[in-house]
Amino acid sequence: MTAIVPHLRNAGDATQVDAVERFVLSLIDGTRDAKAIGEEAGLELAQIEAVLIRLKTRGIVDWTTAAEDEVELDDSQKSTVLALFARVGQASHYELLGVPRDADKKAVKKAYYAVAMAVHPDRFFRKKLGSFKGKMEIIFTRLTEAHDVLSDATRRAEYDQYIGNTQQARAIEEMIARTAEALARAEAEVRREAEAAAAASMPPPAPATTRPSGTMPAPVTARAPTAISVDDKARREALAKRLLGNRPGGSIRPPGMTAPPPSAPASSAPERPKLTTEEAAALLRKRYEDRFVQAKEGQLKKQLKLADDAEDRSDFEAAYTALRVANQMVPEDRNVAARLAVAHQRAAEQLSQVYREKAIYEATAQHWDESAKSWRKLAELNPNNWEALERAADAIVRAKGNLHLAAELAKRAVDLQPANAQVYVTLGTVYLEAGQRTGARAILERARALAPTSPVVASLFSSVQKLFGSEPKAPPEG
Amino acid sequence: MGEKVIGIDLGTTNSCVAIMGEKGPEVIENKGGYKTTPSMVAITETNRRIVGHIAKNQAVTNAENTVYAAKRLIGRKWNSPQVKNAVATSSYKIVEGPHRDVRIVLRDKDYSVPEISAMILQEMKVIAEDLLGEPVKKAVITVPAYFNDNQRQGTKDAGEIAGLEVIRIINEPTAAALSYGYGRNVDKTVAVYDLGGGTFDISILEIAENGVFRVIATAGDTFLGGEDFDARIIDWLVQGFKQEHGLDLRQDRMALQRLKIAAEKAKCELSGVKETEVNLPFIISRGPNEPLHLQRTLTRQTIEELASDLVERTVEICRQTLEDAKLEKTEVDDVILVGGMTRMPKVQAAVAEFFGREPSRGVHPDEAVALGAAIQGSALVDDGKEMILLDVTPHALGIMTFGNVFEELIPANTTVPTHRTKIFTTSRDNQTAVKILVMQGDSENDDHKELLGEFILTGLRRAPKGQIEIEVTFEINADGIVSVRAKDLETGLEQSIQVTATSGLTRDEINDMIANANDDLVDRRASEEFLAAKQDAEKLIAEIEKLFPQVEEIVKTSDFGRDAIDKARGIIDKAKAAIERRDVPAIKEQVDGLSRTHRMFKGVVQKT
Ligand SMILES: Nc1ncnc2c1ncn2[C@@H]1O[C@H](COP(=O)(O)OP(=O)(O)OP(=O)(O)O)[C@@H](O)[C@H]1O
Ligand SMILES: [Mg+2]
């Protein structure tokens, strides 16, 4: 009996997957077999196989087959292992060990030993473990890492900083993404308030023959290019009813339909002075606009207050978000625009700080790929930050990443710092790595001119010489 | 209770075997009643293999064919400095083997080092079987913590040749800690200082109440032990003799062997007394009739001076290990001394001074390691045992990359099982294959890396160098087996190997050696049986012969009597012939006849 072990392929279009397929995709890790994935996803074997076949025909997954597991573990042991295994990728060290953030060394150790005792393969030495053995070893490696990091004060502080930064960066990114949403919300609120206020203060109008659909105040329609939601529509109809009295047939036409011809004047409220239709409409519009302005001012105040409070808390991202909303409302307001510029600067600084620390941590942990990403994000925020560009290029080289990109970044750093030997060294290293000897030599020549005594420059030079002389051989060709 | 697993401490000088009993782990005594057996093997003039005390006893007269300290050679390459040193100082002959490995020549036959070790392991197996009265198949064998993979593999091969399934190789200091912590329910950080005959190890462990033994850091020197102390004394004696008589004692193998024994004896005595006499009459002769004698007084102070750098070196390694463990001396709750050399007062004092505390007397320095191996054996096969051992890999593992740069994937002192991944790229344009060289670090010499294995990943797309990414994953599983995988990230093509470190022997050679060792075991068993039968027969023959005169006197008058006497003589002759032929079944048959005759003779004598 063989088992299917699916893995993801980069080919195929993964955007068209449905919810079940997406869930299944999230469980595919290249080691679990179809049965295990099915168990996790709550699908029968036949169902999971069907899903996998669908995904395979679309080129999204492929699979290898492996001999069916023979596992001598009981169900609870299996599920302990599977549950831990499923979390190995995402869970933080704290989550994995099941200890609180403030757990002391002793608690960390205790938790580590307890979990280790449950999943260490030696505990099941005589049992057949099949694919579970590898899983246990993977879990155990992660547990050990968690323990080692959390019981070393320095590494733990760095890790805390790192997860703090990661969370913060994510929060900021989300917040920025949400600004648009907040803006839309604020507008909706303004509109709602204006409508409600206008309706409340409106005297019962004389029977009007106006085409009500034409009377909607400009700001709302202008600002609501999207389809009107059911709620909005209902509210508007109710408003119109109140504005126009319960005149039969006085309903709003769906957009695009011509209005019926004005009917004969209907009964009216005799004790009030009668308004003509035009007068009523004008009044209505005026009132509405007044209210709208009022509500907008209220919102503006609210956003500015939010911004003030946020600034007091040094929460520059929140301040930035609030000011962006305010600025959208009153683009002509210089004062708000200026504050927004400052907030943007500060938020960027804060985010930059986060990216910088993250990049440095990742570099120390030799996660060069990650580090390169963080430096690049920093450079995106601060296009003139030569250090970010230079570090990003360096990290890419170390991560053995895309050398074209590295060269691009290093060149930008050189443009910004034409008198700094370090940026030449990095660019030179990129060239060297890419095998462009002449380029490397020319660039290092520049570095030498700037820093004639630097040992780094000297040693790079000698690397260039060496490469000229000898054929690269390792890893040697087999 | 599951199947029996024995624990064997395969020492440089002494070996010890233990097993988990009803009341806990126990050391098994050999036939002579000793708890340890010398790790010595010899081939006698009659081409018999002898092991242990008997081998040790004949070492002087059969110096060239007696192997000691073979452990120092296991898993080593012929051209290593350690082997060179052994070639220069050993009284047996060491030659280069077919795979740049090491062979030992005994009576014109080459033996691999694992084969020699297997003889010792087989002896330990037999010691256990004699006690248990049943065959033993499984074993946990210990090695110095600082052994590399090739040395571990050599030890495993030796186990296999000896007919044992080695279910786990564990580290000696770790084993000692197991026996220290077993059944004690302590929560402590301990340092195990193990100075034996050939190797030095230091391990820092944490013992937790719930049965977890976790090694934090370990280090050592696989060529530093009692043998080196002996060598210092030998040098001193040889030097002095040369000054006095102008003769080099090293030229004479037998003299060297006597010096070696005397030096070790003096060293051990000086652990108890302040001064001792080395007295070797007729050690060598000048010309045909001028015998020379060696006689010198050695004081404790002299030996301490001679070996002070050796002791200092162990302390230095302790300091480094503590640093690697990120611990202060004060955080170590107990220091455990293991190994015969820790009986030397100077060693004890140095350890006490360094750690700032008196070492524990908690474990027996000669037995703790074997006991620990037995404990681990039973923990593995017995599901009820709530105990796990989290050990570390003593050496860094990595691959050799462009420009012969060692790229580390798994650092030393990483808890196993473990796995690590790194991404590499091609180093040349249009490179279609990469060779992955799996290397192991060796902290005795930072620059030196041992090659553990190699494989080739082919089918790479032709591209400028640096563009093709190869993901390399190292994995050490719970059994300590290293596997390495390389994957072309573009195509997903994958190649992997299980790194079987080499002891220097091929699979075929090992199989041959297993067969030979089995033959030998049959031989040995048979010879024991032969000896027993022979003794029985000879005893009866002697008694019958004693009775002959009397019986002849009594029965000479009757025909019947004469018949009986002739028959008796016939049986005795047959028995003697059977003994001559070493024909065990025939001897046994004659023994029956002999005892009948004996009973009959005695009856005749008594009646009158
Ligand atoms: N009383 C003593 N004083 C000094 N040294 C001693 C004493 N007793 C034994 N030794 C030395 O201890 C050494 C043997 O120790 P041990 O039996 O622990 O080594 P081993 O386990 O065979 O070797 P290893 O562990 O290094 O492989 C020998 O060198 C021996 O001379
Ligand atoms: Mg020992």
Can you report the number of residues in segment B:77-134 which are free of Cβ contacts under 8 Å to residues at least 12 places away in the same chain and of a type in the set (D, E)? 2
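A quick yes/no check of all residues on (1) within 16 Å of ligand 2 (Cβ to nearest atom); (2) at pLDDT below 95; (3) more than 30 Å from B:D187 (Cβ to Cβ):
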site	(1), (2), (3)
B:N210	no, yes, no
B:R214	no, no, no
B:G226	yes, no, yes
B:F229	yes, no, yes
B:V238	no, no, yes
B:H245	no, yes, yes
B:R250	no, yes, yes
B:L259	no, yes, yes
B:K265	no, no, yes
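Inside segment A:8-48, can you point out the residues that are of a type in the set (V, I, T), modelled with pLDDT under 80 and closer than 19 Å to A:K135 by Cβ?
Matches in segment A:8-48: A:T31 only.
Test B:E407 against the stated conditions and say whether it is surrounded by fewer than 16 Cβ atoms within 10 Å (Cβ to Cβ), more than 8 Å from every other protein chain (Cβ to nearest Cβ) and not in a loop (DSSP other than H, G, I, E, B). Walk me through how you get there before you give the answer.
Working: surrounded by fewer than 16 Cβ atoms within 10 Å (Cβ to Cβ): yes; more than 8 Å from every other protein chain (Cβ to nearest Cβ): yes; not in a loop (DSSP other than H, G, I, E, B): yes.
So B:E407 fits the description; yes.
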Number of the condition not met by A:K106 [criteria: (1) within 12 Å of chain B (Cβ to nearest Cβ); (2) in contact with a strand residue (DSSP E or B) (Cβ under 8 Å, 6 or more places away or on another chain)]: (2)
Somewhere in segment B:439-449, is a residue surrounded by fewer than 17 Cβ atoms within 10 Å (Cβ to Cβ), in a strand (DSSP E or B) and at pLDDT below 85? no
Assigned by TED's automatic domain parsing to the domain that holds B:E22, modelled with pLDDT under 95 and either within 16 Å of ligand 1 (Cβ to nearest atom) or within 30 Å of B:I104 (Cα to Cα) (or both), is that true of B:Y146? yes
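For every residue, the table says whether it meets (1) free of Cβ contacts under 8 Å to residues at least 12 places away in the same chain; (2) within 13 Å of another protein chain (Cβ to nearest Cβ).
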residue: A:E70; (1), (2): no, no
residue: A:V81; (1), (2): no, no
residue: A:A86; (1), (2): no, no
residue: A:H93; (1), (2): no, no
residue: A:P100; (1), (2): yes, no
residue: A:K110; (1), (2): yes, yes
residue: A:Y113; (1), (2): yes, yes
residue: A:F125; (1), (2): yes, yes
Just the residues that are assigned by TED's automatic domain parsing to the domain that holds A:Q161, of a type in the set (A, V, I, L, M) and under 18 Å from the mean Cα position of the chain (by Cα), please, taken from segment A:351-402. A:L351, A:V354, A:A359
Among the residues of segment B:61-77, is any within 16 Å of ligand 2 (Cβ to nearest atom) and within 14 Å of chain A (Cβ to nearest Cβ)? no
Can you tell me which residue is farthest from the chain's Cα centre (by Cα) among those in segment A:437-462 that are surrounded by 17 or more Cβ atoms within 10 Å (Cβ to Cβ) and within 14 Å of chain B (Cβ to nearest Cβ)? A:L460
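Please verify whether B:V27 is touching a residue at least 40 places away in the same chain (Cβ under 8 Å) and in contact with a Gly (Cβ under 9 Å, 6 or more places away or on another chain), treating the condition exactly as stated.
Details: touching a residue at least 40 places away in the same chain (Cβ under 8 Å): yes; in contact with a Gly (Cβ under 9 Å, 6 or more places away or on another chain): no.
In short, no.
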Within the bounds of segment B:354-369, is there any residue that is closer than 29 Å to A:F140 by Cα and within 16 Å of ligand 2 (Cβ to nearest atom)? yes
From the set of residues in segment B:20-41 that are assigned to a strand (DSSP E or B) and either surrounded by fewer than 24 Cβ atoms within 10 Å (Cβ to Cβ) or within 14 Å of another protein chain (Cβ to nearest Cβ) (or both), which is nearest to ligand 1 (Cβ to nearest atom)? B:P38
Across segment B:281-301, which residue is farthest from ligand 2 (Cβ to nearest atom) among those that are among the aliphatic types (A, V, I, L, M) and out of contact with any His (no Cβ under 7 Å at 6 or more places or on another chain)? B:I284
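Of the residues B:V87, B:V140, B:V126, B:V83, which is within 14 Å of another protein chain (Cβ to nearest Cβ), modelled with pLDDT of 90 or more and away from ligand 1 (no atom under 14 Å from the Cβ)? Spell out the reasoning first.
Working: B:V87 fails: within 14 Å of another protein chain (Cβ to nearest Cβ); B:V126 fails: within 14 Å of another protein chain (Cβ to nearest Cβ); B:V83 fails: within 14 Å of another protein chain (Cβ to nearest Cβ).
Selected residue: B:V140, the only one of B:V87, B:V140, B:V126, B:V83 that is within 14 Å of another protein chain (Cβ to nearest Cβ), modelled with pLDDT of 90 or more and away from ligand 1 (no atom under 14 Å from the Cβ).
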Give B:K267, B:K260, B:K242 a once-over and let me know the one that is surrounded by fewer than 16 Cβ atoms within 10 Å (Cβ to Cβ) and not polar (S, T, N, Q). B:K242
Among the listed residues B:R428, B:R461, which satisfies the condition of being more than 9 Å from chain A (Cβ to nearest Cβ) and in contact (Cβ under 8 Å) with a residue 12 or more places away in the chain? B:R461
Among residues belonging to segment B:162-175 that are within 16 Å of ligand 2 (Cβ to nearest atom) and either more than 14 Å from chain A (Cβ to nearest Cβ) or under 24 Å from B:K23 (Cβ atoms) (or both), point out the one that is surrounded by the fewest Cβ atoms within 10 Å (Cβ to Cβ). B:I170
Name the pairs: first residue in segment B:358-375 and closer than 15 Å to B:A191 by Cα, second residue among the hydroxyl-bearing types (S, T, Y) and within 11 Å of ligand 2 (Cβ to nearest atom), Cβ to Cβ under 8 Å, at least 6 apart or on different chains? B:P359/B:T342; B:P365/B:T342; B:V369/B:T142
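Quick one: in segment A:346-365, of everything that is of a type in the set (V, I, T) and surrounded by fewer than 20 Cβ atoms within 10 Å (Cβ to Cβ), which residue is modelled with the highest pLDDT? Before you say what the answer is, go through the steps one by one.
Step one: list which residues in segment A:346-365 are of a type in the set (V, I, T), which gives A:354, A:360, A:364.
This time we only want the ones that are surrounded by fewer than 20 Cβ atoms within 10 Å (Cβ to Cβ), so: A:360, A:364.
Working: A:I360: 85, A:T364: 78.
Top of the filtered list is A:I360.
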Positions within segment B:42-64 being surrounded by 23 or more Cβ atoms within 10 Å (Cβ to Cβ) and part of a helix (DSSP H, G or I), in sequence order: B:A55
Would you mind listing the strands (runs of 3 or more DSSP E) fully within segment B:176-254 where at least 3 residues are within 14 Å of chain A (Cβ to nearest Cβ) and either in contact (Cβ under 8 Å) with a residue 24 or more places away in the chain or within 16 Å of ligand 1 (Cβ to nearest atom) (or both)? B:212-221
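Looking only at segment A:390-422, count every residue that is assigned to a loop (DSSP other than H, G, I, E, B), farther than 23 Å from B:E490 by Cβ and not small (G, A, S) and tell me the total. Show your work before the answer.
Just the residues of segment A:390-422 that are assigned to a loop (DSSP other than H, G, I, E, B), to begin with: A:399-402, A:417-420.
Narrowing further to those that are farther than 23 Å from B:E490 by Cβ: A:417-420.
Of the ones still in play, those that are also not small (G, A, S) are A:417-418, A:420.
The total comes to 3.
Of these, B:V338, B:V315, B:V278, B:V273, which one is within 16 Å of ligand 2 (Cβ to nearest atom) and either crowded, with 17+ Cβ neighbours inside 10 Å or not small (G, A, S) (or both)? Show your work before the answer.
Values: B:V315 fails: within 16 Å of ligand 2 (Cβ to nearest atom); B:V278 fails: within 16 Å of ligand 2 (Cβ to nearest atom); B:V273 fails: within 16 Å of ligand 2 (Cβ to nearest atom).
Exactly one residue qualifies, and that residue is B:V338.
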Out of all the residues in segment B:415-425, which are within 8 Å of another protein chain (Cβ to nearest Cβ) and crowded, with 19+ Cβ neighbours inside 10 Å? B:T415, B:P417, B:T418, B:H419, B:F424, B:T425
Tell me, yes or no, whether segment B:469-476 has at least one residue that is closer than 28 Å to A:F124 by Cα, surrounded by 20 or more Cβ atoms within 10 Å (Cβ to Cβ) and at the interface with another protein chain (Cβ under 10 Å from one of its Cβ atoms). yes
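The values are calculated or read from the model by the stated rules, or taken from the named source; none is laboratory data. Nothing here was measured: the structure is a model prediction, and the numbers come from that model. Quick reminder, even Gly has a Cβ in these numbers, built from the backbone with ideal geometry, and neighbours come from all protein chains shown.
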